[in-house]
Amino acid sequence: MPEPLTGRCLCGAVTFEIDRLSEGPVACHCRECQRQSGSAFWTAVTAAREAVRIAGERLGWVRLTQNAWRGFCRDCGGYLFWQPVQGDTLDIAAGAIDGIDGMKIEAHIFTAEARLPLPEDGAPRFPHGRKGID
Ligand SMILES: [Zn+2]
Ligand SMILES: [Zn+2]
């Protein structure tokens, strides 16, 4: 996997670079991710916040839940980032990353909230968060 990874929203107004990942793609099936993404689940990678550079004046942040800020493009509406209020990590939408091809989903989380069948990809499944804290 080439690093830094680059990525952007659909219209290109918001771009980013990730120096290194701390976690590969994880698919979250929680209701919040379903509603925010408009899809059956949201797949994101995790990096240290300091390892990600974001550019673009059209980036907006919204705090819709107690635990996190969500970052999106004000022009195309692309949902790109999930940043916990407590902590120094950033989740980045896997679909917005240029070099995501060939990466495998490492885990499915919050599968207890899934409403559509899960992919049969062999990745471990967790009814809730992976560490019991999220
Ligand atoms: Zn955009
Ligand atoms: Zn979720």
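Leaving out ligands, DNA and RNA, what percent of the accessible area of the chain is carbon and sulfur, probe 1.4 Å? Display every interim value, and only then the final one.
Numbers: 3730 of 7500 Å².
C and S atoms contribute 50 percent here.
Taking H as built 1.01 Å from N, whose amide H comes closer than 5 Å to the amide H of GLU106, not counting residues under 5 places away?
VAL26, ALA27
Determine, from the Cβ-Cβ distance of THR6 and GLU50 and an R0 of 22 Å, the FRET efficiency 1/(1 + (r/R0)^6), rounded to the nearest 0.05. Numbers along the way, then the final one.
Numbers: r = 17 Å, r/R0 = 0.78.
For THR6 and GLU50, the calculated efficiency is 0.80.
What value, in deg cm²/dmol to 500, does the helix sum -39500 (n - 2.57) over DSSP H runs of n ≥ 4 give at 222 nm once divided by the residues of the chain? Write out the running numbers ahead of the final one.
Numbers: 1 runs with 7 residues, N = 134.
So the helix-based figure for the chain works out to -1500 deg cm²/dmol.
Using the basic label-point model (7 angstrom from Cα toward the beta carbon), what is the ASP121 to TRP69 distance in nanometres?
2.8 nm
The values are calculated or read from the model by the stated rules, or taken from the named source; none is laboratory data. This structure is a prediction, so every number in the text was calculated from the model and none was measured. Backbone-built Cβ (ideal geometry, glycine too); neighbour counts: all protein chains shown. The accessibility values were calculated without ligands, DNA or RNA, using every heavy atom of the protein model including side chains. Shrake-Rupley method; radii C 1.70, N 1.55, O 1.52, S 1.80 Å.
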